[in-house]
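The structure under discussion appears below in the form of structure tokens.
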Amino acid sequence: MEDLDFAYAREPVLKRVTFTLQKGAVGLLGPNGSGKTTLLRCLLGQVPLAPGRVRVLGHDMAREARLARAGLGWMPERGGIIPGFSGVGLVAYLGELSGMPARDAMQRAHEVLHYVGLADERYRPCDKYSQGMKQRLKLAQALVHDPEWILLDEPTSGLDPRGRVAILELIADLARNKNLGVILSTHLLADVEAVCSEILVLRKGELLARERVDEAARQPLQVFEVEGFGDAEGFRRGLLDLGAEVHEDRRLLLVTLDMRRLGAGAGADGAWDAAAGVNAILAVAVATDFALRRLRRRPVSLAEEFYRLVEA
């Protein structure tokens, strides 16, 4: 996607959105009305586009959307269930609409329904399915023609905790073990943390950020939570001698260390080893006779990062 502007009427919904994705699991995050579903529709070629702005699988979506869609699976938030079909009949029908011969579509429908856990329910009328079964059925529809990428719009919407976990496990398996590209659009941050390796954050149609889910561990400035008792002033002075920043948060001391200054190295994945920071703080505690109750690197949740971005 390159410098894409899009509007249904006069008010722009997407503004100068630019990114390139490689296969993997990507979370598309943003508040309601931020343009997430519209962005998915642009990637699917479901809306009129200016030439040269969106390319999917090598195809310009303004001119060759039909060719690109042969390699895309789509799981919409609403719809996707046609009354009167059995589960296997509906999935096979959509396989045929994707260009598969009828026999191949039926065989593949049985396979994907088994994969999503609906093998025993495949002959039941699909409009009688529970909400969790309908979501599994829509995932099967997205997979029936063996796509390279699947685009999922709120795939866990309306599910109970058990159903939500089951869907997320399937999506994670597709991304990690089946080599599918996945774009997961959701407002549930925990879903993204469970499945995705990176996020795109939208706000009011603009792409605010693109970050790895574990980006906090890759920053050289790391924050450690410390709690203890003893010579607090001596302990604080020792930390300052390390070049640390020290702030109080109720009973905790928040100690920010520059891992580069400690000589710590980053791993192959770019994440810094917290052990160097822990050992440095332990050494100061021993030298100042400060007894520790708690010492750990402060986890930075995706929720904190997300709200920091959208509320800035």
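The values are calculated or read from the model by the stated rules, or taken from the named source; none is laboratory data. Everything quoted here is computed from the prediction, not taken from an experiment. Don't worry about glycine lacking a Cβ; one is built from the backbone with ideal geometry, like all the others, and counts go over all protein chains shown.
Among the residues making up segment 127-183, those that are more than 16 Å from the chain's Cα centre (by Cα), of a type outside the set (D, E, K, R) and surrounded by 22 or more Cβ atoms within 10 Å (Cβ to Cβ) are GLN135, LEU137, LEU139, ALA140, GLN141, ALA142, LEU143, VAL144, HIS145.
Inside segment 8-117, counting only helices (runs of 4 or more DSSP H) that do not spill past its ends, which hold 1 or more residues that are farther than 18 Å from ILE150 by Cα?
Numbers: elements: 36-44, 65-69, 87-97, 102-115.
Fully inside segment 8-117 and qualifying: 87-97, 102-115.
Which of the residues belonging to segment 259-289 are modelled with pLDDT under 85, closer than 15 Å to LEU239 by Cα, surrounded by 15 or more Cβ atoms within 10 Å (Cβ to Cβ) and out of contact with any Leu (no Cβ under 7 Å at 6 or more places or on another chain)? Result: MET259, LEU262.
Residues in segment 78-98 that are surrounded by fewer than 17 Cβ atoms within 10 Å (Cβ to Cβ), under 29 Å from LEU28 (Cα atoms) and not β-branched (Val, Ile, Thr): ARG78, GLY79, LEU97. Does at least one position in segment 101-122 carry a residue that is closer than 30 Å to PHE6 by Cβ and more than 28 Å from the chain's Cα centre (by Cα)? Within segment 101-122 (the criterion being closer than 30 Å to PHE6 by Cβ and more than 28 Å from the chain's Cα centre (by Cα)), the answer is no, since none of the residues qualifies. Reported count of residues in segment 145-186, each being free of Cβ contacts under 8 Å to residues at least 60 places away in the same chain, outside any helix (DSSP H, G or I) and within 19 Å of ARG69 (Cβ to Cβ), is 1.
When ALA312, ALA216 are screened for being modelled with pLDDT under 65, within 30 Å of LEU29 (Cα to Cα), in a loop (DSSP other than H, G, I, E, B) and of a type in the set (Gly, Ala, Ser), only ALA312 passes.
Scanning for something in contact with a Gly (Cβ under 8 Å, 6 or more places away or on another chain), of a type in the set (S, T, N, Q) and not assigned by TED's automatic domain parsing to the domain that holds ASP289, does segment 189-197 turn up at least one residue? Yes, segment 189-197 has at least one match.
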